[in-house]
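First the structure, in the form of structure tokens, and then the observations on it.
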Amino acid sequence: MELHRTPAAIRAWADARRAEGARIGLVPTMGCLHEGHVSLVRIARGAGSDAVVASIFVNPTQFGPGEDYEKYPRDETRDLAMLDAAGVDAVYLPGAKDMYPEGHQTFVEVTGASKGLCGAARPGHFRGVATVVAKLFLASKPHVAVFGEKDYQQLAVIRAMNRDLDFGIEIVGAPIVREEDGLAKSSRNVYLKGDDRIAARCLSRGLFRAKELFGKGERDAGTLVAAARSAIEGEPLAKLEYAEGRDPVTLTPRSGRVDAVTILVAAKVGPARLIDNITLGK
């Protein structure tokens, strides 16, 4: 497994792989890896990638004032061991000064998909996401890139950017990987201790309740969202940020009768801001 820490180095690696005729798969991460990240590597292989590169970079431009950029968990040694065991061919580990050298002034903004939800709660977040992902695309030159569906709005932002800027990359969404009790795996779960960890199950519990209602024939978007919302609001240690029903493709708000809907939720539990979602119907 090769390690590269500068844009020039990973570009050289990508150019060499493409010259060999290899199909490159990219798995972007911020480190503090878990089984969900490892599943992205497997999915990249399954998408026909001959060479898989994973990136590890805690991106400062997607964190707002007072957020957890400085505290965000980092463990490079452990992450590299996990990626090596997963069969990754190369890891891109740039520093902040490599990604944003002095005088950096260019950003990418996806206006529509960024509106509402996490975009409302975290102003500027998706501008930082779109910018760093564009830079990762340009440096690693992938044919396919894999992103987790837990960050559903982020995936929509990246799909829109890929389309609008003609990157021509196949964007693959990977299913959410959950703990045994239903909590969506997340690097920020390390913040959850004791009662907070138990309380965090309210997000998935609400989503699974909506799924149960949908399975019994309920098709009113408001009723389905209300089921998810009530589970979170009923947990004293959770502070609901949003619970909304959106179109699974366009992310436009849905109301009334629906044949398909994605319910997205966010809540603060202890020191952790958690997000989760579920798509019902086709």
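The values are calculated or read from the model by the stated rules, or taken from the named source; none is laboratory data. None of these values were measured; they are calculated from a predicted model. A quick note on method: Cβ atoms are made from the backbone with ideal geometry, for glycine too, and the neighbour counts reach across all protein chains shown. Just so you know, the surface numbers come from the protein's heavy atoms only, side chains and all, with ligands and any DNA or RNA stripped out. Shrake-Rupley method; radii C 1.70, N 1.55, O 1.52, S 1.80 Å.
Numbers for the structure displayed
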| read-out | value |
| --- | --- |
| Positions within region 240-274 being in a strand (DSSP E or B), free of Cβ contacts under 8 Å to residues at least 60 places away in the same chain and open to solvent by less than 30 Å² (accessible area, probe 1.4 Å), in sequence order | Ala243, Gly245, Ala260, Val261, Ile263 |
| Condition met for Asp98 (within 18 Å of the chain's Cα centre (by Cα) and not small (Gly, Ala, Ser)) | no |
| Criterion: out of contact with any Ser or Thr (no Cβ under 7 Å at 6 or more places or on another chain) and free of Cβ contacts under 8 Å to residues at least 24 places away in the same chain - qualifying residue of Arg229, Arg209, Arg205 | Arg209 |
| Sole exception among (1) of a type in the set (Asp, Glu); (2) open to solvent by less than 40 Å² (accessible area, probe 1.4 Å); (3) within 21 Å of the chain's Cα centre (by Cα) for Glu235, by number | (3) |
| Conditions (1) open to solvent by less than 50 Å² (accessible area, probe 1.4 Å); (2) of a type outside the set (Ser, Thr, Tyr); (3) not in a strand (DSSP E or B); number of the one not met by Asn277 | (3) |
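Residues checked against (1) among the acidic types (Asp, Glu); (2) at negative phi:
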position	(1), (2)
Glu2	yes, yes
Trp13	no, yes
Gly21	no, no
Leu40	no, yes
Phe57	no, yes
